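To start, the structure under review is shown below, and the notes come after it.
Derivation of every value follows stated rules applied to the coordinates shown; laboratory data play no part. The structure presented is a predicted model; accordingly, all values stated were derived computationally and were not measured.
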Amino acid sequence: MFKRSFNLILVAIFGISVSAIFFLQALSATQTRTNPAYASMANPWNGLAYEQLALRQFRLTAVSPETLAAGATNARVLALKAFELEPLTPIALSLAAISEEESSRKIQILDAAGSLNRRNLMLQGLLLQRSLEYQDYPSTLATLDRILRVHPTKSDLFFPVLARSLENDDALPALASILDQGPVWQKKFFQAAVNQPSVLSNLAKLRLSRNKVDAAIDARLISALALQNEMTAAAEIYERATGQNGLEASASELSWQSNFPPFDWQLASDSGLRAQPSRDQDVLEVYARSGDGGVWAERIISNPARPFNITFRHNLLPAAQVADARLRVACSNLDATIVEHRFSEGENQVIIPTVSCQYLRISLSGRSWSGRSPVRGSIEKLQLSVD
């Protein structure tokens, strides 16, 4: 699957790449691209015209990953003619390499071409393919780095390949070494990789080897890992991102910060159901429109593995609907409720018994039934104390 995906990229590269023209002569110069056949007749020594003819011949056949070699074989004679007349023709060298059946000869052609031209996208794509075939991860990643630096607009093609390299543990040291150099594409790479579930575990290891990355990337990675129930890795990144251990149930209180859910609060933001911290962050302001309801806020804490108390106050109105608000505690990986507490007037105290799961999910919810007044007000910070 990986090799096929990369071959699809090669098809795209050959479809969009054109080599730079360094020197054109007289009439042939004006016709090399638009009419290479005429250009080659006007000047039979115009290697660039033959290169364009070879590329056109290649495109007639190479329409899928399976037909790359056949297309290159059809264009081989023209490609070799182009190389004979103009030794610095990267597309001609690329086509000659693809059509070469002998492995050692193919490597020689690619090495020679690579030493002549380090910018041509088609040629770099072939060097990348060779590195992948030999599972040479340092060379693969070095080539990808070169491509992304020289051709940043092609990042959408190559970021999936770069991210896929994380599926192999052996690639981590090489990728970490490149990231140590601070490439300009580092942020976009993390943004692309975090969307690939198969690489999240190694992406977490790579993130933990960095001192700091963009906070938005940390937030997405924490959330993605938690969705896959890789809670330990998610918690480690949360602690690295925040510089503190905010998961412990032994903490005196839980702030209302919502930067890195689910270890910070995930807050409702719909027009009919919403929650937001006050400006001073002391209380959570909540609202439920008539006929609406659901979870205002939820977050995960580590389980102290012994009984503890949650204490809080609120000023929800109308008072007659306060009992429709709930505090619920459950294991983070299970739907079964451990405790569900109805809000009451004054101080609310909830006792959480000992349970065996590693992480607990705390949720705050409210509802206003149809035909009744909206529910609105604020909830003070939850105070936690371990028995």
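Numerical summary
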{"quantity": "Potential extension, Glu340-Ser373 segment - 0.36 nm per residue separation minus Cα distance", "calculated": "9.5 nm"}
{"quantity": "Residue pairs, from the table Lys154/Lys212; Lys188/Lys212; Lys154/Lys188; Lys212/Lys381, whose Cα atoms sit over 19 Å apart", "calculated": "Lys154/Lys212; Lys212/Lys381"}
{"quantity": "Set of aspartates and glutamates near Lys205 by C-alpha distance (under 19 Å), chain-local residues within fewer than 8 positions excluded", "calculated": "Glu167, Asp169, Asp170, Asp180, Asp214, Asp218, Glu230, Glu236, Glu239"}
{"quantity": "Computed Rg/Rh of region 246-314, alpha carbon atoms with Kirkwood Rh", "calculated": "1.00"}
